[in-house]
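**Q** Okay, here's the structure, questions in a sec.
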Amino acid sequence: MKTIIAPTDFSGSSLNAVNYAADLAVSINAKLVLFHAIPFPIAISEISVPGDFVDDLMDIGQRDMDDLLRKLENRTRGKIIITTDIKIGTVEQEIEMVCAKERPLAVVLGIRSGKSLERALMGSSTFHIMNHVAFPTLIIPEHVSYNEIKNIGLACDLKMNNEKLPVERITEWLALFNARLEIINVSSRDQDFDGKQTTESISLQTRLQAFKPRFHFLCGENIAEELNEFVRTHPLDLLIVFPRKHGVFSLFHKKKSKFIVSHSQMPILSIHDIKS
């Protein structure tokens, strides 16, 4: 049975992502793990505190988690296994640990509506999790609810060596939903489609031929904006990106990258390349 991990801090955006994760789990009959990390302030951890201080933090977190569990059991009508896990520690480290234990299909995280992905990630744990957790991260914009996944986009750089693409994970997601695949390559305006791109597109088509991929070659100075425009005009239920080497996604480090997830209103699945 596959497992989906849904971390929550009980904020509106994280609860929306939890609901998405629950509906996704029902659709593929997966186990859902609700996870909450209680950050322990450094200033407090360096001094002696009453023993009941930690107990109080845990009690509050447990009450919130129990309430959420009841709501999700009603939402899913008991169709899936739902477990809960609460830890005291940094969100990033604790999620890495629970992922190592559960080996999930994905970690589902929410972002706030009305903010660029760049702004939403900077200063939050989401960016760290995407880059350091070895398992796929599914990012859900606020107010986006689960719909059947029929069309999946794959944004990659066809000038890179696509032997490093995580094809096994990509096909796992495509096969789960029997989805159509749109492969999207974006080049700057001063670049022409060259032999390298031709070779890599043929290689990728061969490796993913079971899903009859369609290729789209976009041209523009701002890759993020071109992708944003593409998903506005093409009905996609999910966009797969890569945070590192094949890193259309790596552009989100830069202030000029304006890929507004809340505008596209579409989940983004971040998957790591295969390590050398």
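**Q** Under 9 Å between Cβ atoms, at least 6 apart or on separate chains: pull out the pairs that start in the range 165-177 with a residue that is open to solvent by 10 Å² or more (accessible area, probe 1.4 Å) and end on any residue that is β-branched (Val, Ile, Thr) and at pLDDT 95 or above.
**A** LEU176/ILE28; LEU176/ILE149; PHE177/ILE28; PHE177/ILE149; PHE177/ILE152
**Q** Being touching a Lys or Arg at 6+ places or on another chain (Cβ under 7 Å), modelled with pLDDT of 95 or more and assigned to a helix (DSSP H, G or I), is that true of even one residue in the range 100-114? Can you show your working first?
**A** Applying the first criterion (touching a Lys or Arg at 6+ places or on another chain (Cβ under 7 Å)) to the range 100-114 yields 105.
From what is left, the residues that are modelled with pLDDT of 95 or more are 105.
Pick out the ones that are also assigned to a helix (DSSP H, G or I) and you get none.
Checking the range 100-114: not a single residue is touching a Lys or Arg at 6+ places or on another chain (Cβ under 7 Å), modelled with pLDDT of 95 or more and assigned to a helix (DSSP H, G or I).
**Q** Please find, within the range 77-99, the residue that is most open to solvent (accessible area, probe 1.4 Å) out of those that are touching a residue at least 40 places away in the same chain (Cβ under 8 Å) and part of a loop (DSSP other than H, G, I, E, B).
**A** As a first pass, look at the range 77-99 and keep what is touching a residue at least 40 places away in the same chain (Cβ under 8 Å): 79-92, 94-95, 98-99.
From what's left, part of a loop (DSSP other than H, G, I, E, B): 79-81, 89-90.
Details: LYS79: 130, ILE80: 21, ILE81: 90, GLY89: 14, THR90: 66 Å².
Taking the candidates together, the pick is LYS79.
**Q** Ok, one more. Kindly establish whether ARG244 is open to solvent by 80 Å² or more (accessible area, probe 1.4 Å) and either among the hydrophobic types (A, V, I, L, M, F, W, C) or at pLDDT 70 or above (or both). Show your work before the answer.
**A** Numbers: open to solvent by 80 Å² or more (accessible area, probe 1.4 Å): yes; either among the hydrophobic types (A, V, I, L, M, F, W, C) or at pLDDT 70 or above (or both): no.
No.
**Q** With respect to VAL231, is the statement that it is buried (at least 16 other Cβ atoms within 10 Å of the Cβ), at pLDDT 60 or above and assigned to a helix (DSSP H, G or I) true?
**A** Numbers: buried (at least 16 other Cβ atoms within 10 Å of the Cβ): yes; at pLDDT 60 or above: yes; assigned to a helix (DSSP H, G or I): yes.
For VAL231, the condition - buried (at least 16 other Cβ atoms within 10 Å of the Cβ), at pLDDT 60 or above and assigned to a helix (DSSP H, G or I) - is met.
The values are calculated or read from the model by the stated rules, or taken from the named source; none is laboratory data. Remember, it's a predicted structure, so these values are computed and weren't measured experimentally. All Cβ positions, even for glycine, are placed from backbone atoms using ideal geometry, and neighbour counts span all protein chains on display. Accessible surface is based on the protein model in full, side chains and every heavy atom, while ligands, DNA and RNA are left aside. Shrake-Rupley method; radii C 1.70, N 1.55, O 1.52, S 1.80 Å.
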